[in-house]
Every structure is written in structure tokens, then in C-alpha cells.
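Here the structure is laid out as C-alpha cells; the discussion comes afterwards.
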Amino acid sequence: MPGRGKPKRDIERDYPPRLFVQKLRRLADCIEQGKGFRIQIAGERISVPPAATINIEHERSASGEEIEFQLKWSLVPAAEQKRKARKGVSPRRKR
């Protein structure tokens with residue numbers, strides 16, 4: 001299970017433009033300042049670490065297109081990842 005015993009989750013939430021822009025501005029400020037970002041999505045508080053990987057994804061199909069702004073980070077502490085990398089052991093995935 002991901003997130004220290006938390007169940008898997010895949011939620012997509014629609015926001016009115018005004019609220020979406022507010023969230024993007026807060027996120028941009030945190031990224032520029034090298035700070036973590038906290039957000040609540042569908043009742044769950046999420047903390048994004050400052051070292052999260054940031055990417056933009058574009059998908060196209062016959063019926064439409066999609067752009068996703070993504071933040072990704074590992075749930076395994078960085079020190080443990082480095083130690084395992086030195087030993088040649090890939091991080092263990094929790095199920």
C-alpha cells in the first residue's frame with residue numbers, strides 16, 4: 001500500500017478557473033522558493049516535498065487531448081534510496 005499504509009487513490013477533481021488559478025499560484029510560489037507544497041484534495045491533506053520531480057504530460061487520442069502538470073516523489077526516504085543505490089538494490093515496492 002502506498003503512503004505508509006494509506007490505500008491507493010486516483011482522484012480527478014474539477015475546479016472553477018478562479019480556484020484553479022489560486023492553487024497554481026500557491027504552487028508556483030512554493031516551487032520558486034524551494035519550499036514544500038501542501039494541498040487538500042477530496043478531504044485528504046497532501047504534502048509535496050521540495051525535491052519532487054515536476055513534469056508536464058500531453059496525451060492525444062481520437063476523441064480529445066489532455067495536458068497534465070505533474071508532481072512526483074518517492075515515499076521511500078532519500079537516505080534509504082541512496083543507500084540501496086550504492087548496494088545495487090532497487091527500492092522495494094509496497095503492495
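The values are calculated or read from the model by the stated rules, or taken from the named source; none is laboratory data. Worth saying up front: this structure is predicted, and the values here are computed from it rather than measured. Cβ: placed from backbone, ideal geometry, glycine included. Neighbour counts: every protein chain shown. Calculation scope for accessible area: heavy atoms of the full protein, side chains included, ligands and nucleic acids excluded. Shrake-Rupley method; radii C 1.70, N 1.55, O 1.52, S 1.80 Å.
For this structure, a couple of remarks:
- Per residue, the stretch 5-45 exposes an accessible area of 90 Å² to a 1.4 Å probe, with every protein chain left in place.
- Qualifying trypsin sites (Lys or Arg not before Pro) in the stretch 3-58, DSSP loop, other Cβ atoms within 10 Å at most 10: K8, R13
- At full extension, S63 and L19 could sit 13.1 nm farther apart than now, given 0.36 nm per residue minus the alpha carbon distance.
- Ordered by 1.4 Å accessible area with all protein chains kept, L19, L27 run largest first as L19, L27.
- Low-density loop positions, GluC sites (Glu not before Pro), the stretch 1-74 - DSSP coil, at most 16 other Cβ in 10 Å: E12
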